[in-house]
Structures are given as structure tokens and as C-alpha cells.
Amino acid sequence: MTSEIILQAIVTGLMMGLIYALIAAGLSLIFGLMDIVNFAHGEHLMLSMFSSFWLWSLFGIDPIFSIPITILLMAICGILTHYFLIRYILKAKMLIQICATFGLSIFIRSIAQLLWTPDFRNVENPLLEGRLEIGSVFIGQPQLIASLVCLVAFIALYLFVTKTETGLALQATAQDRHAAEILGIPSNKMFAIGWAIGLGCVGIAGGMMANYFFIFTDVGINFALFAFVAVALGGFGSIIGCLYAGIIIGLVESLGGLLIDPSFKLLYVFAIYLLVVIYKPQGLFGRY
């Protein structure tokens with residue numbers, strides 16, 4: 001096996017890792033804020049991809065230009081999810097919370113299959129197509145732009161959470177919601193903002209992937225599983241941990257499939273998850 005092939009796998013893994021990181025960041029933000037795992041995260045990713053597809057199919061808007069609309073739609077979806085479901089189960093037992101978000105995932109997927117059927121769809125002739133050749137490495141332009149956009153969005157999210165007044169209020173609510181309320185921070189509003197931002201991240205990732213991924217009702221399942229692994233690896237509630245974890249997962253998936261056996265590449269990723277849960281349950285960075 002030549003070094004060029006290994007380098008190609010590393011580049012591919014890095015690009016996918018950045019996408020995994022942004023998806024996981026949205027999940028981690030929600031968990032860190034409310035201690036609720038969104039098991040419908042993959043279905044929300046699927047909705048964002050279908051949003052980009054239908055904006056292209058019905059109105060001729062290329063996915064690269066429909067990103068702001070997709071972000072807005074997913075943010076609204078997050079706010080509605082909080083106000084019509086999540087706020088009623090905040091004080092419920094963990095099992096009830098798990099069943100609620102898991103039930104939401106089944107509901108969304110079933111409605112999507114009813115409306116759009118399980119058929120595979122794709123955006124034809126998007127503006128982002130073709131590939132770059134750098135030495136012996138070939139890089140798809142849609143994949144490259146998607147990974148760079150996800151990286152920029154991730155940096156913007158991190159700066160928002162750590163540098164802005166609203167971001168600091170989100171952190172305060174995540175650390176101790178009762179103390180934050182005493183200081184005048186409305187926790188219910190922070191929760192809604194957290195859901196809007198979390199699903200907005202999914203909207204960016206899904207909108208960019210609509211340029212080159214097949215779009216179908218089960219498309220979010222594997223991405224959601226990788227997001228859960230990234231959150232556990234990076235540390236529950238740690239946004240910066242998601243970046244490192246996403247890149248690690250992307251590299252393990254790509255290199256594991258190349259160097260060992262491609263049919264077991266998912267196994268390597270989940271093996272990392274098990275090792276982290278057993279030996280370092282707080283993850284690499286813990287809570288922010």
C-alpha cells in the first residue's frame with residue numbers, strides 16, 4: 001500500500017471528521033444545557049437535507065444558497081421542539097426523557113416516509129461539483145467546501161458560547177440553572193436558544209451534505225450514531241471536545257477501512273466508544 005493512498009484516506013477522514021464535529025456540537029450543546037439526549041438528532045439532520053433538496057427541486061435554489069433558509073427552518077424546528085415537548089419533560093425521570101426524544105425520532109422518520117417515501121434522492125448538477133488534484137491527492141470540491149464551512153461554523157459556535165453575553169448565559173444555565181435564574185437568567189429562554197442553535201448546526205451540516213450525499217429518510221441514523229460517539233469521546237457538554245472527537249472518528253473510520261477491513265470500519269469507531277465509556281467516562285474534555 002503506497003503512501004499516496006494513505007494520505008488520501010487521511011484527507012478524506014479529516015473532511016468527514018469536521019462534519020461529524022459540527023453535528024456532534026449541536027447534540028453536545030443541547031445535552032450540556034439540559035442534560036437531555038436528543039435521540040432525534042439524526043432525524044433533524046435528515047430534515048435539513050430534505051429542506052435543501054426541496055428548496056432546490058421546487059424553487060431552483062442551489063443548496064449552497066439555501067443554507068440560511070435551512071438554518072432558519074431548523075432553528076424554528078428546535079424552538080418548537082422545546083416548547084411543545086421538551087419543556088414538559090424537563091423534570092421527568094431520565095427514562096421518560098429518553099422515550100420522549102426516541103419517540104420523536106420515530107415520529108419524524110415515519111412522517112417523512114409517509115410524505116416523501118423511502119426513495120433515494122439527490123441534487124442534480126449542483127454548483128459545487130468536480131474535484132481538485134493536489135499532487136497525488138484528489139479532493140472533491142463539495143466535500144472540501146462542506147468541511148471548511150462546518151469548521152467555520154464550529155469556530156463561530158465556540159466563540160459565541162465562550163465570548164458573548166448570551167453564550168455565557170447558556171454556560172451559566174448549563175452549570176446551575178437554579179443559580180442562573182436567581183441572577184435573572186431565564187432558563188426557559190436559554191433552553192429554547194440552545195435547541196435553536198443545536199439544530200441550526202445540524203442545518204448547516206445537512207445543507208452542505210445535500211450537495212453530494214444521497215438524501216433519504218434513514219440518512220441521519222449513522223451520522224447520529226457517530227455524533228453520540230463524538231460527544232462521549234470529547235466529553236459530555238464539551239463543545240471543543242467535539243472537534244477533536246469528530247476528527248478522530250473521521251480518521252479512524254477512513255484509515256481503519258483502508259488498512260484493516262472496510263466492512264468493519266464502523267466497528268472500529270464503536271470500539272473507541274466502548275473504550276472511552278469504560279476507562280474515561282467523562283471523555284477527553286468533560287463539561288465546558
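FYI, it's all coordinate maths here, none of it is from the lab. Keep in mind it's a predicted model, so treat the numbers as computed, not measured.
Annotations for the structure displayed:
- Relative to the globular-protein estimate of 2.2 N^0.38 Å, the Cα radius of gyration of region 91-144 stands at 2.01.
- Computed over the chain with a Gaussian network model linking Cα atoms closer than 10 Å, the most mobile of Ala156, Ala192, Ala205 is Ala156.
- Percent of Cα-Cα distances greater than 29 Å, calculated over region 1-153: 31
- Its relative contact order, with pairs defined as Cα atoms under 8 Å and 6+ residues apart, puts the chain at 38 percent.
- Here mean projected area of the Cα convex hull in nm² was computed from the coordinates, and among (i) 22.8; (ii) 24.0; (iii) 15.7 the match is (iii).
- For the chain, calculated [θ]222 nm from helices alone, where every DSSP H run of n ≥ 4 adds -39500 (n - 2.57): -25000 deg cm²/dmol
- The mean sequence distance of close C-alpha pairs (under 8 Å, at least 6 residues apart), as a share of the length of region 1-109, puts its relative contact order at 33 percent.
- Where Rh is the Kirkwood radius over Cα pairs, Rg/Rh for region 107-181: 1.22
- Cα-based Kirkwood hydrodynamic radius, region 158-288, one decimal, Å: 16.5
- Angle between the chain longest axis and helix 63-84 axis [Cα atoms, degrees, rounded to 10]: 30
- Inter-part distance, region 223-288 to region 116-185, computed on C-alpha centroids, equals 18 Å.
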